[in-house]
Amino acid sequence: MDLQRELEIIELIKKEVKPALGCTEPIAVSLAVARSCEALREIGAEVGNVVVEVSANILKNGMGVGIPGTGMVGLHIAAALAVTCGRSSYGLEVLKDLTDEAISAAKAMVDAGAIKVVLADTQLKLYIKATAMTPVILDCGDTVALAEPAHYVSTEIANNHDSIISVVRDDVSLLDHSHINSLNCAGSACTAVGGEVAPVEKTTLDYKLSVKEILQFAQEASFENIEFILDSVKLNKALADAGLSNDYGLKVGKTILASEHASVFGSSIMTYAMAATAAASDARMAGCTLPAMSNSGSGNQGITVTMPVIAVAEKMGVSQEKLARALVLSHLIAIHIKGYLGKLSALCGCVIASTGSSCGIVYLHGGGYEQVCSAIKNMVGNITGMVCDGAKVGCALKVASGVSSSIQAAVLAMDNICISSNDGIIEDCIEKTICNLGRIGAEGMQTTDKMILDIMVCK
């Protein structure tokens with residue numbers, strides 16, 4: 001592989017693998033709100049009220065997830081915290097300056113009705129418009145306000161959790177986004193950094209990856225160029241340790257390792273991998289203040305891509321370089337598959353992430369291209385159809401199920417056992433198989449997505 005192509009793939013990894021504090025949907029809301037508040041304060045104006053318009057999938061994934069350090073769930077408190085302590089320059093760690101004072105002030109804003117969250121009129125899966133304004137009286141209906149604010153700033157995020165495509169203050173754009181044709185563009189976005197505009201982002205599919213090339217990259221890339229991926233070990237293992245040591249969420253990971261359940265779960269590598277991964281999800285979804293290393297905009301996907309690989313690597317005693325190459329493979333496979341689905345879909349991200357980790361585990365055991373393809377096919381033939389019914393503490397159960405499946409798939413692959421093209425959506429060609437999975441998640445499950453949201457908002 002030539003150096004230019006290697007650098008392009010590294011660019012993609014760094015774009016899609018980032019630290020994130022808290023669930024990325026409410027954190028993306030916080031990011032948009034923080035940017036609006038900053039632009040309002042630049043002219044000496046006071047932030048009085050905030051109105052957040054979100055797409056259905058953002059609403060779905062923000063309703064039931066814990067917000068770090070608050071003991072609360074939902075988009076209202078995420079938006080309010082952005083007012084009291086958010087910094088957009090931190091990206092998806094926008095709330096890392098969280099303090100007790102900021103939490104108290106944010107809760108007071110929510111209690112006073114200063115934060116309003118409504119469903120946006122958009123077909124985009126990932127869309128947020130956060131409007132910060134000088135004090136007005138908000139009604140309880142669908143209209144934004146009963147009185148015109150003296151000043152306002154609206155910030156829009158679309159397609160990627162940290163892609164700010166528009167910042168408008170008092171009808172004047174603060175970003176030059178003339179190169180963007182519409183908000184419905186496939187991943188095109190610009191990022192606000194000190195008032196400047198970054199180039200239009202490439203989508204994952206623009207990189208034209210294949211499983212064969214991903215494996216080649218993982219095997220051949222200079223260790224110095226990929227060593228940064230080991231940061232995901234530090235971050236996600238810290239979350240796992242927190243989940244195993246404390247009573248977060250449903251305590252899925254901690255329960256799996258509990259001595260009283262040893263007769264059920266045993267002491268296998270699978271048990272440890274399930275427990276460590278689920279524990280990290282337990283902690284993150286219940287509001288732990290430690291960041292996760294995310295994948296494709298999802299902390300749970302980042303956890304599920306990394307922790308099973310880390311767990312197996314620890315038990316095998318492999319070198320840091322081999323672990324790094326396995327993690328690169330795992331991350332990239334997940335990124336590649338996710339490219340066909342979009343950032344948010346009705347197909348649970350654990351399916352994609354655990355498919356990546358299965359490939360990483362195959363690599364740790366010395367498997368090659370055929371075994372990696374077999375692992376993917378075994379995963380696609382197994383847990384395709386697992387639905388995303390919103391981000392919540394119960395995600396740890398799905399994470400555990402995904403990890404169990406990933407290890408099964410890897411073991412079968414290493415024994416050269418693979419689901420055949422006679423089974424369901426599996427094709428002989430691995431890229432066609434991945435495309436089929438993407439079609440199911442992106443197109444076939446749209447009605448499912450709408451029904452899930454309807455059920456959730458009507459409870």
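The values are calculated or read from the model by the stated rules, or taken from the named source; none is laboratory data. For clarity, every value in this text was computed on a predicted model and none was experimentally measured. Virtual Cβ from ideal backbone geometry, glycine too; neighbours counted across all protein chains shown.
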Return the total of residues in region 376-406 being farther than 17 Å from GLN301 by Cβ and crowded, with 23+ Cβ neighbours inside 10 Å.
-> 2
Is one or more of the residues making up region 155-171 of a type in the set (D, E, K, R), at pLDDT 95 or above and either closer than 14 Å to VAL52 by Cα or assigned to a helix (DSSP H, G or I) (or both)?
-> yes
Scan region 320-343 for residues that are buried (at least 24 other Cβ atoms within 10 Å of the Cβ), hydrophobic (A, V, I, L, M, F, W, C) and either out of contact with any Ser or Thr (no Cβ under 8 Å at 6 or more places or on another chain) or closer than 21 Å to ALA400 by Cβ (or both) and jot them down.
-> ALA326, LEU327, VAL328, LEU329, LEU332, ILE333, ALA334, ILE337, LEU341
Scan the helices (runs of 4 or more DSSP H) fully inside region 38-143 and keep the ones with 3 or more residues being among the small types (Gly, Ala, Ser).
-> 75-85, 100-111
Taking the options CYS429, CYS359, CYS418, name whichever one is within 23 Å of GLN216 (Cα to Cα) and free of Cβ contacts under 8 Å to residues at least 12 places away in the same chain.
-> CYS429
Which members of region 341-385 meet the condition of being farther than 24 Å from ALA324 by Cα and of a type in the set (Val, Ile, Thr)?
-> VAL380, ILE383, THR384
Any pair with Cβ under 7 angstrom, 6 or more apart, that starts in region 217-238 at a residue that is of a type outside the set (Ser, Thr, Tyr) and ends at one that is surrounded by 17 or more Cβ atoms within 10 Å (Cβ to Cβ) and not in a helix (DSSP H, G or I) | ASP231/MET293; LEU235/PRO19; LEU235/PRO291; LEU235/ALA292; LEU235/MET293; ASN236/ALA292; ASN236/MET293; ALA238/LEU290
Take THR84 and decide whether it is of a type in the set (Ser, Thr, Tyr) and either at pLDDT 95 or above or farther than 30 Å from VAL17 by Cβ (or both).
-> yes
Do we find that ARG5 is basic (Lys, Arg), closer than 28 Å to GLY356 by Cα and assigned to a helix (DSSP H, G or I) in this structure?
-> yes
